[in-house]
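The values are calculated or read from the model by the stated rules, or taken from the named source; none is laboratory data. Just so we're clear, the structure is a prediction, and the values are computed from it rather than from any experiment. Here Cβ is always computed from backbone atoms with ideal geometry, including for glycine, and neighbour counts include all displayed protein chains. The area values use the complete protein model at the heavy-atom level, side chains included, leaving out ligands, DNA and RNA. Shrake-Rupley method; radii C 1.70, N 1.55, O 1.52, S 1.80 Å.
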Amino acid sequence: MLLYLLRRVVFTLPTMFGVAVVCFALVHIAPGDPLVSVLPPDASQDLKLQLMTIYGFDRPYHEQFLRWIGRALQGDLGTSIATGRGVMSELSRALGNTLILATFATFIGFFFGTLFGFVAGYFRNSAIDRIASLISVIGVSVPHYWLGMVLVIIFSAQLGWLPATGAGPGGSSDWKWDWAHLRHVILPAVTMSVIPMGIVARTIRALVADILSQEFVGGLRAKGLLDRGVFLHVVKNGAPTALAVMGLQFGYLLGGSILIETVFSWPGTGFLLGNAIFQRDLPLLQGTILVLAMFFVVLNLAVDIVQSLLDPRIQRA
Amino acid sequence: MGDGRQELGQFPQGAVGHRPWKLDKYTPRERAELVPNAAYWDAARRPKLERVVLLPLPDPAARTAALLSGQVDWIEAPAPDAIPQLKSRGMVITQNVYPHNWTWHFSRVEGSPWNDIRVRKAANLAVDRVAMTELLGGLMVPAKGMVPPSSPWFGKPKFDIKTDLAEATKLMAEAGYSKAKPLTVKAIISLSGSGQMQPLAMNELIQQNLGEIGIKVDFEVMEWNALLSSWRAGAKDASSRGAHSTNSSYFSQDPFTALIRHLDGGLLPPRGTNWGFYTMPRWTPASPPSATRSTRRSSSRSSRRCMRSSSTTRCSCSSRMMSARGRCRRASRASGRRRTGTRI
């Protein structure tokens, strides 16, 4: 087991390096000058060159990359061009807010996804299956930003039950776990949970249907196991795959959603990323993408490890 | 730099100020809370409200929803589509003209179709500004030049910018073009950015208008910051992709921002933002400026010279095709419910 763990961690390192290279390259490939947001319209060429030197944009790409990655390893992701604040401080605040949103969305999405998936798979081709499948297909297909707007129109603008924007009456800086703050999470979390719910439900349905068609299920029934006992075996057999899908989905949710966080003005990583893109704030953009991508890599690693604990056959593979 | 950066980041937390409002609480990118400055010298102008909360909501639909749900008391720049709904809910919409132009900057480099003054005039006469005003829910003022006629820099133009399709068609025929034998132009546009409102729909209307007189417009759509970068780089740069015009919107509050930076021959790229390489002798300063400050000074001299020689008229009409002047608009709740604070 230890050897397996070590192997997985070592395999992650080149992935992380690749992710860093892609993050760095992506923002440099995109058209546009990063200094546009800070340079006055009448700025001289001298001033532009001076700023390029200060931010290090005049150096060769490989040198910029090494300096950037070197500082990132020490926890310094640079300074936002647009605001002059440290990228790390901007990012840590946004990550905290996204974590709150992602936790709620995960809970809602996984609960309903698992429920619909198992029910639809177990009672496949019945009316219950059709209803559960329909809900999951809608979940995957509906554009979530559109759903967010519709929810805002109904529950905020028309009925006035829930707030339309923001992270609480006093903003995210004094977040509390009370109703006044939690009511701000409901609409964005529901909107965000729809896609993972659909994906998890569809995966689990297919998985359950596949497991039920295997011979050992017939064997279990022949041994005289009741439906409840068979169901438990199905759940245990489906868990590793379901977990892998959920891990990836949680990774997506932790990355925040530019569209949902913009619609609800939720000050998370997606909102920050959207701002960074529109302001062409290179250090903020690179730092945010890097941290989110690393989250994903680490989360994949964690899922792999948990999967191998649940299903020892994976370790031997 | 590290320490200085930290200090700069902490500055808003303890900002003092000497105006009627003081900053009380500040969360970057989220909110700023202001309280009255009880020690403000002018007692008559001391705020009556206990607190003002400012929330940045970049998305117009989100702003509008926040107002409709009662979460805020007023917003700036509501989504134009939502204006009838806001009015029907008893909101008050306050408007004011502000100096912000939405223009097509023409390329005057060799080979540009806009070098022909007849084509430029025809295009100006073809744009249906009434339809454009309708498209934007009445939230624009049709332009008569690069500054409004009320401006001291407007001058006395001989060419009146209006809609006259017959005259436009005649001018195009003189230049050798018609609907059957159209002139093709390439225009850089963006889908959002700055205060452009609905740039795609607005540009499509212009495309349709110009099509009527035999100008076929091909769009080169760019992301806003890429457009700004190519604006700085100039029409000859590869980033402008051989386009004959670019479509940046900009503030125009003084001669420099409204006229000089676009037209001064001393501000050709990469020195300045004269994207189209407009080089009328009367706009070019005697000695090339070397830095920002001197650029401004010499440009101002150039501007004064230009205005005295009344070439403003020609500059504003012939180098620009169509500009819409934005209106600042603000929607607020009509009912004066008592509250401890006003949120913006």
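For the stretch B:252-260, indicate whether the set of residues that are surrounded by 22 or more Cβ atoms within 10 Å (Cβ to Cβ), facing chain A (nearest Cβ under 10 Å) and part of a strand (DSSP E or B) is non-empty. The answer is no, given that none of the residues of the stretch B:252-260 is surrounded by 22 or more Cβ atoms within 10 Å (Cβ to Cβ), facing chain A (nearest Cβ under 10 Å) and part of a strand (DSSP E or B). Being at pLDDT below 85, open to solvent by less than 20 Å² (accessible area, probe 1.4 Å) and within 30 Å of A:Y145 (Cβ to Cβ) is a condition met by at least one residue of the stretch A:241-248.
Taking the stated definitions as given, is A:V27 among the aliphatic types (A, V, I, L, M) and either buried (at least 20 other Cβ atoms within 10 Å of the Cβ) or out of contact with any Phe, Trp or Tyr (no Cβ under 9 Å at 6 or more places or on another chain) (or both)?
yes
Of the residues that make up the stretch A:86-93, is at least one open to solvent by less than 60 Å² (accessible area, probe 1.4 Å) and assigned to a loop (DSSP other than H, G, I, E, B)? No, the stretch A:86-93 has no match at all.
Residues satisfying the criterion are absent from the stretch B:54-73 (criterion: over 22 Å from A:L259 (Cα atoms), open to solvent by 30 Å² or more (accessible area, probe 1.4 Å) and out of contact with any Asp or Glu (no Cβ under 8 Å at 6 or more places or on another chain)). Name the residues in the stretch B:120-141 that are touching a helix residue (DSSP H, G or I) at 6+ places or on another chain (Cβ under 8 Å) and at pLDDT 90 or above, would you? The answer is B:R120, B:K121, B:A122, B:A123, B:N124, B:L125, B:A126, B:V127, B:D128, B:A131, B:M132. Limited to the stretch B:212-230, what total is found for residues that are in contact with a Pro (Cβ under 9 Å, 6 or more places away or on another chain), open to solvent by 50 Å² or more (accessible area, probe 1.4 Å) and within 14 Å of another protein chain (Cβ to nearest Cβ)? Residues meeting the conditions: 1.
Does any residue of the stretch A:66-74 turn out to be more than 30 Å from A:T165 (Cα to Cα), outside any helix (DSSP H, G or I) and within 14 Å of chain B (Cβ to nearest Cβ)?
yes
Is there a residue being within 12 Å of another protein chain (Cβ to nearest Cβ), closer than 30 Å to A:W161 by Cβ and in a helix (DSSP H, G or I) anywhere in the stretch B:45-54? No: zero hits. Would a scan of the stretch A:87-100 turn up a residue that is over 21 Å from the mean Cα position of the chain (by Cα) and away from chain B (no Cβ under 14 Å)? No, every residue in the stretch A:87-100 fails to be over 21 Å from the mean Cα position of the chain (by Cα) and away from chain B (no Cβ under 14 Å).
Could you pull out the residue among A:T165, A:T106, A:T98 that is surrounded by 15 or more Cβ atoms within 10 Å (Cβ to Cβ) and more than 30 Å from A:S80 (Cα to Cα)?
A:T106
Among the conditions (1) open to solvent by 50 Å² or more (accessible area, probe 1.4 Å); (2) in a helix (DSSP H, G or I), the only one that A:G224 does not satisfy is (2).
Restricting the stretch A:141-159 to residues that are in contact (Cβ under 8 Å) with a residue 40 or more places away in the chain and aliphatic (A, V, I, L, M) leaves a set whose member that is surrounded by the most Cβ atoms within 10 Å (Cβ to Cβ) is A:V152.
So in the stretch B:55-68, with the set limited to residues that are at pLDDT 85 or above and either facing another protein chain (nearest Cβ under 7 Å) or in contact with a Lys or Arg (Cβ under 8 Å, 6 or more places away or on another chain) (or both), which one is nearest to A:L147 (Cα to Cα)? Step through it out loud before you land on a result.
Step one: list which residues in the stretch B:55-68 are at pLDDT 85 or above, which gives B:55, B:63-68.
Now restrict to residues that are either facing another protein chain (nearest Cβ under 7 Å) or in contact with a Lys or Arg (Cβ under 8 Å, 6 or more places away or on another chain) (or both): B:55, B:65-68.
Working: B:L55: 24, B:A65: 14, B:A66: 17, B:L67: 19, B:L68: 18 Å.
The extreme case among them is B:A65.
Residues in the stretch B:196-211 that are surrounded by 15 or more Cβ atoms within 10 Å (Cβ to Cβ) and out of contact with any Asp or Glu (no Cβ under 8 Å at 6 or more places or on another chain): B:Q196, B:M197, B:Q198, B:P199, B:M202, B:N203, B:E204, B:I206, B:Q207, B:L210.
Could you check, for the stretch A:193-200, whether at least one of its residues is small (G, A, S), within 28 Å of A:L95 (Cβ to Cβ), in a helix (DSSP H, G or I) and open to solvent by less than 50 Å² (accessible area, probe 1.4 Å)? Within the stretch A:193-200, one or more residues are small (G, A, S), within 28 Å of A:L95 (Cβ to Cβ), in a helix (DSSP H, G or I) and open to solvent by less than 50 Å² (accessible area, probe 1.4 Å). Taken residue by residue, the stretch A:146-169 has at least one member that is over 19 Å from the mean Cα position of the chain (by Cα), modelled with pLDDT under 85, in a helix (DSSP H, G or I) and not β-branched (V, I, T). Within the stretch A:43-59, restricting attention to residues that are touching a residue at least 12 places away in the same chain (Cβ under 8 Å) and assigned to a helix (DSSP H, G or I), the residue that is nearest to the other protein chains (Cβ to nearest Cβ) is A:K48.
When restricted to residues that are touching a residue at least 24 places away in the same chain (Cβ under 8 Å), open to solvent by 30 Å² or more (accessible area, probe 1.4 Å) and in a helix (DSSP H, G or I), the stretch A:276-290 contains 1. Cβ-Cβ under 7 Å, sequence separation 6+ or interchain: first residue in the stretch A:160-173 and more than 7 Å from every other protein chain (Cβ to nearest Cβ), partner crowded, with 23+ Cβ neighbours inside 10 Å. Which pairs? If the second residue must be crowded, with 23+ Cβ neighbours inside 10 Å, the pairs left are A:L162/A:L187; A:A167/A:N97; A:A167/A:H184; A:A167/A:W266; A:A167/A:P267; A:G168/A:H184.
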